[in-house]
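Enquirer: Sharing a structure here in structure tokens format.
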Amino acid sequence: MTTETKPQVETRKPVEYTDARLNANAPAGPLEQKWSKHKFEMKLVNPANRRKHTIIVVGTGLAGGAAAATLGEQGYNVKAFCYQDSARRAHSIAAQGGINAAKNYRNDGDSVQRLFYDTIKGGDFRAREANVYRLAELSVNIIDQCVSQGVPFAREYSGYLDNRSFGGAQVSRTFYARGQTGQQLLLGAYSALSRQVAAGTVQLNERTEMLDIIIIDGRARGIVTRDMVTGEIESHLGDAVILATGGYSNVYYLSTNAMGCNVTAAWRAHKRGAFFANPCYTQIHPTCIPVSGDHQSKLTLMSESLRNDGRVWVPKEKGDARSPDKVPEEERDYFLERRYPSYGNLAPRDIASRAAKMVCDAGQGVGPGGLGVYLDFSAAMKRLGENTVRARYGNLFDMYERITGENPYKVPMRIYPAVHYTMGGLWVDYNLMSTIPGMFVGGEANFSDHGANRLGASALMQGLADGYFVLPSTIGNYVATGGYSQVDSSHPAVAEAVNAVKDRIQKFLTINGTRTVDSFHRELGNIMWEYCGMSRTEEGLKKALTLLPALREKFWSDVRVLGSGNELNQELEKAGRVADFIELGELMVRDALERGESCGGHFREESQTEEGEALRNDDEYCYVAAWEHFGDPSQAVLHREQLQFESIKLATRSYK
Amino acid sequence: MKITINVWRQKGAQASGRLVKYQVDHVSPDMSFLEMLDILNQQLISKNEEPVAFDHDCREGICGSCGVMINGLAHGGQLATTTCQLHMRSFKDGDEITVEPWRAKAFPVIKDLVVDRGAFDKIIQSGGYISAGTGSAPDANSTPIAKENADLSFDAAQCIGCGACVAACPNASAMLFTSAKIAHLGLLPQGQPERKSRVLNMVATMDAAGFGGCTNIGECSAACPKEIGLHFIGRLNRDLLSATIAGGSSVD
Amino acid sequence: MAAALTLNQSTIGKKAIMAVTGIVLYGFVIVHMIGNLKIFEGPEGFNAYSHFLRVVGEPALPAGTILWVIRIVLLLSVILHVTAAIQLTRIDNAGRPIAYKKVKRKQASFASLTLRWGGVTIFFFVIYHLLHFTVGTALPGFIEGDPYHNVITGFSSQVWAAPVYIVAVAALGTHLYHGVWSAMQTLGINTRRTEKLFRGIAVLSGVGLFAGFATVPIVVLLGILK
């Protein structure tokens, strides 16, 4: 087996698991009782006293919006922030497929236990059992909550909720609202938030970007923000800070994330002491519209559901330039059906993506630059008729045609994998608190529930579980436990953080170099995609470790940011984000290099079976990699949280 | 392709603005309209000129951030298409394109093509919700909802809050936006207890924000990237009139 | 009454007032048009009908009661309709203080965009029309109580009168082409399912009333009626 050929990867001396800061704080006792036991044991804040406590929430997506609304309902004084012009525009809105919940409305054998198991297995056994079990438990409450808020989920003629099945599960547990589930769930959270804004419990600050975190006496006590319209730098203080600031897929420049999605809040917190966990775990989604040229600014996802009826293929011949209808059946390679006969075109995301990359690397790719594979509906149209296909996928076909100018009813779609989600994020314990006391992290911004690979329809579930249920409970416990003093803005730590932000902005505006921010971002993206993308090698990662510091150097000496800091300045905003992405990129590469196994979305070419499948190495890598910052990503120190599997047995993930 | 564009440039909210003409070469028909603006901005920066500010985020037609008037039509006038989804293949080589911000008293310009749509949030805050506190919900299947109602509610709920309806309306009216939210919640059983107070409060906030009235012209619905139907405005009117006659009380 | 006053505070309420008064006036013009066509029954029939309008309700009611009730209702409707229109126009114009440099329309009909101008045209026409055929000051040779004579004289002796009438009723037709549908929408009577029905009624109203009203001046002008 190839484990023997695993190269000797340079590793730092492991730091013992006993590092007190990496205590998961999961309550003792049986898995099924942990959360209810914990809820009982946690301290409560008297309702009358809650308004005296200020909770800062950064980000208004599913996790942040739901947390801010719920904390507001409970009576806390909440200050919420988002960079968008409205809380309703956070990128949770773009999720298409659905949200999982162990309701078992189909009576098809679903249960909390099964959702828990599917999620752990889907994550390739790299997530923490206690957190995932709680997620599965809370999934049922989420659906109840959303329905009562007026989320118009799809229904059957009986009037009861409809479900569909999704990748990685053998039960129908996905609730959906056409292809816009994320939008509808976010509008639900946004409406709850709006209600609290009107009630005066939540003060909402739109077009406001968090640029640093304020630490006083070792605890997170506030944030520094920039008003993106006036440029004013302000400090906001409180009892606790919640970061719900999303993922960092935009480190690749091209991703399915919104243009504004960024790592800045999480990265600033990391630089102030929060450990960053598993940064190399990224999810590459197989069905995206391929890049059409250098002008491309973002990638568009096509729902995974297309693979239910579309067949994926490439010509067998390398560099075959014939139009697809001229390629006879026997000269086509239906590579997913060939390699994974039992799952076929429905293989999980990471596996389908990698297979597409392999055939394109072999020169069989189609379309511009050979970076695409066909997703062909001609067989489905013959079998079901064009009208049935139109009824199922009409809106997706229209979207495809709008973007590419090609009619997928006539020619096969072209698809290619694209970065879509990041499982890594700030390290949190069972309470979703980071290694900085008082700083909590929810949603995609934390690392907690998806291990090395996220299953479809699980991101929405996690964001809302964190926001509606987990954070409002654990924040209360933190506040009630107390032990911290009153602070005001005259504290020297506040001035220090504010000045650091101001200096950095001034620096961007005065470099006055020759290159645009976008050109650096693009270059960063190319490096990351090439060396830390769908498959990674020791050699490539080491190469990236020489390219990235050089890029950072060039950025800080040659970037050009025009205009001033006292106005709406979109280039200035981008500059700050790209500067942080470059540093994060370096940490991701280090993490990928450190993890010498293949697991989930992280594929190390050195660690594969003879058939080219991912080979996990539980003996050496069954841990969460949590990185501590020391001045520079190259100096970051790795800490390990050993993962204990008590109720699930470690097993190989096979979709053959 | 070569494109000439006249873009509204305005330094800040208080400054006066004007249309400025730029030439953009090397435009590919596969570019989105915003990618064409990206190219323009890269050109401007290389000439040491400030780039054009415009709102955008998801670039896949769902967040509602983007939106400009393109040749006098909101989002460029293509059916069910936001500005970010509009592609340059719908223009011809040598075309001259005029780009202006949304114009409404309730949507003041912040800079260049960026406007403040906070009035929409104010309308939602005044009642665009169901007061269901976290944890108070019964089982999701305890109240069946006829599929037809749920579907129609969803049709209305699709609104992305981009503001194209206001921009396209000759009166800068926000009736389509407001009606979409009223219909979304009003068509569901959960939305009934607050139905009357909701419509009264939201319409009052809408009027106070400085939007014009509706003259049932239909430009809003034609410009809407989510094709929200004009009939929802009829439903809003119906709700408002009956709530007014009932004095906002939910009991006869 | 309280509800009516509350209504007047919102734009939708003001529009509802316009819609209700508009429907009253719409009903009136339909009856008016049918009455006009009685001119084809000849001088006796037409004058008898005219006389009937003045004495309807007698002797059960004092002389002219119904006539005056109708006149007051119509006058009130006009006042409310016009007042609301002026107020709404101001609100609408204030909605967009800075105009677009370039603007196109995708959907709007000519009728919907010219509703207000149509209203103004009709308003001034009605004043002229009252002076012309009711009071008679604008018609030399006006004979009280002989409307048949007045109509024939009005359109045959004053060559410009018929074109003025035709333009005015065209404005009326256009006004109703959008107005009738708009009223249904404003009052919330319109739904997804009735959309086509009300559009149809509105088109029929516009075209029908134009045709009905334009017939009389045309036939007089062509000398068919003398």
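Enquirer: Just one of C:145, C:206, C:179 is more than 14 Å from chain B (Cβ to nearest Cβ), at pLDDT 95 or above and either on the phi > 0 side of the Ramachandran plot or touching a Leu at 6+ places or on another chain (Cβ under 7 Å) (or both); which is it?
Expert: Numbers: C:145 fails: at pLDDT 95 or above; C:179 fails: more than 14 Å from chain B (Cβ to nearest Cβ).
Going through C:145, C:206, C:179 in turn, the sole match is C:206.
Enquirer: Separate question: Inspect all residues belonging to segment A:388-403 and state whether any of them is over 23 Å from residue A:178 (Cα atoms) and loosely packed, with under 15 Cβ neighbours inside 10 Å.
Expert: no
Enquirer: Only one of A:410, A:382 is assigned to a loop (DSSP other than H, G, I, E, B), of a type in the set (Lys, Arg) and without any contact (Cβ under 8 Å) to a residue 12 or more places away in the chain; which?
Expert: Going through A:410, A:382 in turn, the sole match is A:410.
Enquirer: If I go through segment A:27-50 residue by residue, how many of them are surrounded by 14 or more Cβ atoms within 10 Å (Cβ to Cβ) and either at positive phi or in contact with a strand residue (DSSP E or B) (Cβ under 7 Å, 6 or more places away or on another chain) (or both)?
Expert: Residues flagged as surrounded by 14 or more Cβ atoms within 10 Å (Cβ to Cβ) and either at positive phi or in contact with a strand residue (DSSP E or B) (Cβ under 7 Å, 6 or more places away or on another chain) (or both) within segment A:27-50 amount to 0.
Enquirer: Condition first: in contact with a Ser or Thr (Cβ under 7 Å, 6 or more places away or on another chain), hydrophobic (A, V, I, L, M, F, W, C) and not in a strand (DSSP E or B). Can you find one or more residues in segment A:301-322 that meet it?
Expert: Yes, there is a match, as at least one residue in segment A:301-322 is in contact with a Ser or Thr (Cβ under 7 Å, 6 or more places away or on another chain), hydrophobic (A, V, I, L, M, F, W, C) and not in a strand (DSSP E or B).
Enquirer: Of the residues in segment B:62-90, how many are under 23 Å from residue A:187 (Cα atoms), assigned to a helix (DSSP H, G or I) and within 14 Å of chain C (Cβ to nearest Cβ)?
Expert: 1
Enquirer: Please enumerate the residues belonging to segment B:230-252 that are part of a loop (DSSP other than H, G, I, E, B), at the interface with another protein chain (Cβ under 8 Å from one of its Cβ atoms) and surrounded by fewer than 20 Cβ atoms within 10 Å (Cβ to Cβ).
Expert: B:247
Enquirer: Select from segment A:288-307 the residues that are farther than 13 Å from residue A:376 by Cβ, of a type outside the set (A, V, I, L, M) and in contact (Cβ under 8 Å) with a residue 60 or more places away in the chain and list them in ascending order.
Expert: Step one: list which residues in segment A:288-307 are farther than 13 Å from residue A:376 by Cβ, which gives A:288-305.
Retained after the next criterion (residues that are of a type outside the set (A, V, I, L, M)): A:288, A:290, A:292-298, A:300, A:303-305.
Passing the criteria: A:288, A:290, A:292, A:293, A:300, A:303, A:304, A:305.
Okay, residues lined up against (1) assigned to a loop (DSSP other than H, G, I, E, B); (2) touching a residue at least 24 places away in the same chain (Cβ under 8 Å); (3) not basic (Lys, Arg):
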residue	(1), (2), (3)
C:188	yes, no, yes
C:202	no, yes, yes
C:210	no, yes, yes
C:215	no, yes, yes
C:218	no, yes, yes
C:225	yes, yes, yes
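Enquirer: Looking at (1) surrounded by fewer than 17 Cβ atoms within 10 Å (Cβ to Cβ); (2) under 30 Å from residue A:181 (Cβ atoms); (3) touching a strand residue (DSSP E or B) at 6+ places or on another chain (Cβ under 7 Å), which is the one condition that is false for residue A:331?
Expert: With respect to (1) surrounded by fewer than 17 Cβ atoms within 10 Å (Cβ to Cβ); (2) under 30 Å from residue A:181 (Cβ atoms); (3) touching a strand residue (DSSP E or B) at 6+ places or on another chain (Cβ under 7 Å), residue A:331 is out only on (2).
Residue-wise test of (1) in contact with a His (Cβ under 7 Å, 6 or more places away or on another chain); (2) surrounded by 13 or more Cβ atoms within 10 Å (Cβ to Cβ); (3) within 24 Å of residue A:574 (Cα to Cα).
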site	(1), (2), (3)
A:473	no, yes, no
A:479	yes, yes, no
A:484	no, yes, no
A:487	no, yes, no
A:491	no, yes, no
A:497	no, yes, yes
A:502	no, yes, yes
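Enquirer: Of all residues in segment C:101-124, how many are more than 16 Å from the chain's Cα centre (by Cα) and assigned to a loop (DSSP other than H, G, I, E, B)?
Expert: Count: 9.
Enquirer: Being in a helix (DSSP H, G or I), closer than 30 Å to residue B:71 by Cβ and either within 10 Å of another protein chain (Cβ to nearest Cβ) or modelled with pLDDT under 95 (or both) narrows it down to one residue among C:91, C:98; which is it?
Expert: Working: C:98 fails: in a helix (DSSP H, G or I).
It is C:91.
Enquirer: Let me ask something else about it. Which residues, taken from segment A:612-631, are touching a residue at least 40 places away in the same chain (Cβ under 8 Å) and surrounded by fewer than 18 Cβ atoms within 10 Å (Cβ to Cβ)?
Expert: Residues satisfying the conditions are A:612, A:617, A:618.
Enquirer: Scan segment B:180-200 and give yes if some residue there is among the small types (Gly, Ala, Ser), more than 13 Å from chain C (Cβ to nearest Cβ) and without any contact (Cβ under 8 Å) to a residue 60 or more places away in the chain, otherwise no.
Expert: Yes, segment B:180-200 contains at least one residue that is among the small types (Gly, Ala, Ser), more than 13 Å from chain C (Cβ to nearest Cβ) and without any contact (Cβ under 8 Å) to a residue 60 or more places away in the chain.
Enquirer: Might you check whether a residue that is within 16 Å of the chain's Cα centre (by Cα) and away from chain B (no Cβ under 14 Å) occurs anywhere in segment C:59-70?
Expert: Within segment C:59-70 (the criterion being within 16 Å of the chain's Cα centre (by Cα) and away from chain B (no Cβ under 14 Å)), the answer is yes, since at least one residue qualifies.
Enquirer: Determine if segment B:19-34 includes at least one residue that is over 24 Å from residue B:164 (Cα atoms) and polar (S, T, N, Q).
Expert: Yes, segment B:19-34 has at least one match.
Enquirer: Has segment A:124-132 got at least one residue that is surrounded by 21 or more Cβ atoms within 10 Å (Cβ to Cβ), within 27 Å of residue A:87 (Cα to Cα) and away from chain B (no Cβ under 11 Å)? Explain how you work it out, then say what you get.
Expert: The first filter runs over segment A:124-132 and keeps only residues surrounded by 21 or more Cβ atoms within 10 Å (Cβ to Cβ), leaving A:124-128, A:130-132.
Checking the rest, the ones that are also within 27 Å of residue A:87 (Cα to Cα) come to none.
No - not one qualifying residue is present in segment A:124-132.
Enquirer: While we're here: Looking for whichever is part of a loop (DSSP other than H, G, I, E, B) and among the polar types (S, T, N, Q) here; the options are B:41, B:48. Which one fits?
Expert: B:48
Enquirer: Name the residue, out of C:61, C:139, that is free of Cβ contacts under 8 Å to residues at least 40 places away in the same chain, touching a Ser or Thr at 6+ places or on another chain (Cβ under 8 Å) and hydrophobic (A, V, I, L, M, F, W, C).
Expert: C:139
Enquirer: While we're on this one: Output the residues belonging to segment A:226-254 that are over 21 Å from the mean Cα position of the chain (by Cα) and surrounded by fewer than 24 Cβ atoms within 10 Å (Cβ to Cβ).
Expert: Within segment A:226-254, A:227, A:228, A:229, A:230, A:231, A:232, A:233, A:234, A:235, A:236, A:237, A:238 qualify.
Enquirer: Still on this model: Which members of segment A:407-430 meet the condition of being within 14 Å of another protein chain (Cβ to nearest Cβ) and over 28 Å from residue A:261 (Cβ atoms)?
Expert: Once the filter is applied, which keeps residues that are within 14 Å of another protein chain (Cβ to nearest Cβ) and over 28 Å from residue A:261 (Cβ atoms), segment A:407-430 yields only A:407.
Enquirer: Looking at residue A:150, is it crowded, with 24+ Cβ neighbours inside 10 Å, at pLDDT 95 or above and away from chain B (no Cβ under 14 Å)?
Expert: The answer is no for residue A:150.
Enquirer: Does at least one position in segment C:125-132 carry a residue that is within 15 Å of the chain's Cα centre (by Cα), within 14 Å of chain B (Cβ to nearest Cβ), within 14 Å of residue C:29 (Cβ to Cβ) and hydrophobic (A, V, I, L, M, F, W, C)?
Expert: No, every residue in segment C:125-132 fails to be within 15 Å of the chain's Cα centre (by Cα), within 14 Å of chain B (Cβ to nearest Cβ), within 14 Å of residue C:29 (Cβ to Cβ) and hydrophobic (A, V, I, L, M, F, W, C).
The values are calculated or read from the model by the stated rules, or taken from the named source; none is laboratory data. Every value quoted in this text rests on a predicted model; they were computed, and no experiment measured them. Ideal geometry is used to build each Cβ from the backbone, glycine not excepted, and the neighbour counts take in all protein chains shown.
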